[in-house]
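> Have a look at this one before I ask anything.
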Amino acid sequence: MIRRVSFSLGLLIVIGSFVLANKFQKPSVPPPPPKVLMIGDSLSVSGFGDAVREHLEHRLGRQNVAFFASCGSSPDSWLRNEPVFYTRCGYREKTPTSDVYRDYHNGRRPPAVATPKIETLIERYKPTIVIVQLGTNWMDQSLSDDHIRAVLGQFVSAAHRGSTRKMIWIGPPDSSRFSKVQNRIYRLIQQSVRRGDPVIDSRRFTRYVLGKTGGDGIHYNRESGEAWARPVIASIDKILAAEIAARRNVASSR
């Protein structure tokens, strides 16, 4: 009888110690949100770009988002080993420490702005996710597939420098002016990105109607750009949710 009491008392002590240890254990600290760098062309200078950027800032915090858009730019415009590309038709930059907007005003062309290099941006902002909205400006150029593949190879390698874990490519929206070459640019982008890096097919969400969507067969007005942005944002949110969940799993396993 004494042995049973002693055993029961000892078991209670062990259980009590375990409960107290768990009670006073420090809760695991959630990992910080992803840091995002987004770059784009004229389609991101306003309208579409504003909607995506504002959503990212709201979800992740402005301190975790760096946004750059340069009218007329292509992936090669952002590479360090290429000549500096000066945009003369619009530029947008918003980061935790800067806010720059250059666009046409009363019919007057904006001043020329140098397009930054992606390698420099990654070194400066140390993103974990890079979002790219580029490709449309290749559609009106007679470039060979081999040339485009070579540029994309350099660009993808540059985008994955440093702390970058994933690249999300937002493909060009539907274009009535370049309807015959859209598939080619998509094919080359999809062939060049790394496995696991999603390409969002914007053609699923857009249909260019000349005079309604815009006036030149390429650019989307603000209303149409924001409409395009909504399903793109939903796609990005799914990717971000999976990335955040993976980071939490890694943190909790430590």
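The values are calculated or read from the model by the stated rules, or taken from the named source; none is laboratory data. Since this is a predicted model, take the numbers as computed values, not measurements. Here the Cβ is made from the backbone with ideal geometry for all residues, glycine too, and neighbour counts use every protein chain on show. SASA here: full protein model, heavy atoms, side chains in, ligands and nucleic acids out. Shrake-Rupley method; radii C 1.70, N 1.55, O 1.52, S 1.80 Å.
> Return the only residue of 168, 148 being within 19 Å of residue 39 (Cβ to Cβ), touching a residue at least 40 places away in the same chain (Cβ under 8 Å) and assigned to a helix (DSSP H, G or I).
Selected residue: 148, the only one of 168, 148 that is within 19 Å of residue 39 (Cβ to Cβ), touching a residue at least 40 places away in the same chain (Cβ under 8 Å) and assigned to a helix (DSSP H, G or I).
> Just checking, how many residues over region 28-55 are in contact (Cβ under 8 Å) with a residue 60 or more places away in the chain and of a type in the set (Lys, Arg)?
Going through region 28-55 one residue at a time, the tally reaches 1.
> Which one of the conditions (1) open to solvent by 20 Å² or more (accessible area, probe 1.4 Å); (2) among the acidic types (Asp, Glu); (3) in a helix (DSSP H, G or I); (4) touching a residue at least 24 places away in the same chain (Cβ under 8 Å) does residue 243 fail to meet, given that it meets all the rest?
Failing condition for residue 243: (1).
> Check whether at least one residue in region 192-200 is open to solvent by 70 Å² or more (accessible area, probe 1.4 Å) and either farther than 23 Å from residue 118 by Cβ or aromatic (Phe, Trp, Tyr) (or both), and report yes or no.
no
> Checking residue 189 against (1) modelled with pLDDT of 95 or more; (2) assigned to a loop (DSSP other than H, G, I, E, B), only one condition comes out false. Which one?
(2)
Here is a yes/no grid of residues against (1) aliphatic (A, V, I, L, M); (2) in a loop (DSSP other than H, G, I, E, B); (3) at pLDDT below 95; (4) under 19 Å from residue 123 (Cβ atoms):
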| site | (1), (2), (3), (4) |
| --- | --- |
| 73 | no, yes, no, no |
| 77 | no, no, no, yes |
| 81 | no, yes, no, yes |
| 84 | yes, yes, no, yes |
| 97 | no, yes, no, yes |
| 110 | no, yes, yes, no |
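> So, one more: Go through 157, 179, 142, 163 for me and flag whichever is among the hydroxyl-bearing types (Ser, Thr, Tyr), under 22 Å from residue 53 (Cβ atoms) and open to solvent by 30 Å² or more (accessible area, probe 1.4 Å).
On the way: 157 fails: under 22 Å from residue 53 (Cβ atoms); 179 fails: under 22 Å from residue 53 (Cβ atoms); 142 fails: under 22 Å from residue 53 (Cβ atoms).
Unique residue meeting the criteria: 163.
> Take the residues of region 153-165 that are of a type in the set (Gly, Ala, Ser) and either in contact with a Gly (Cβ under 8 Å, 6 or more places away or on another chain) or assigned to a loop (DSSP other than H, G, I, E, B) (or both): which is modelled with the lowest pLDDT?
163
> Same structure again: Return the residues of region 121-145 that are in contact with a Phe, Trp or Tyr (Cβ under 8 Å, 6 or more places away or on another chain) and either part of a helix (DSSP H, G or I) or without any contact (Cβ under 8 Å) to a residue 12 or more places away in the chain (or both); say none if nothing qualifies.
121, 136
> Would you be able to tell me the number of residues in region 115-143 that are modelled with pLDDT under 95 and farther than 19 Å from residue 236 by Cβ?
7
> Which is under 14 Å from the mean Cα position of the chain (by Cα), open to solvent by less than 10 Å² (accessible area, probe 1.4 Å), modelled with pLDDT of 65 or more and charged (D, E, K, R), of 50, 41?
Every option except 41 fails the conditions.
> Mind counting the residues in region 133-166 that are of a type outside the set (D, E, K, R) and either over 16 Å from residue 186 (Cβ atoms) or in contact with a His (Cβ under 6 Å, 6 or more places away or on another chain) (or both)?
13
> Would you check if there is a residue in region 111-128 being open to solvent by less than 30 Å² (accessible area, probe 1.4 Å), of a type in the set (Asp, Glu) and under 18 Å from the mean Cα position of the chain (by Cα)?
So far as region 111-128 goes, yes, one or more of its residues are open to solvent by less than 30 Å² (accessible area, probe 1.4 Å), of a type in the set (Asp, Glu) and under 18 Å from the mean Cα position of the chain (by Cα).
> Which one is surrounded by the fewest Cβ atoms within 10 Å (Cβ to Cβ) among residues in region 67-99 that are among the charged types (D, E, K, R) and under 11 Å from residue 39 (Cα atoms)?
Filtering region 67-99 for residues that are among the charged types (D, E, K, R) and under 11 Å from residue 39 (Cα atoms), the one surrounded by the fewest Cβ atoms within 10 Å (Cβ to Cβ) comes out as 93.
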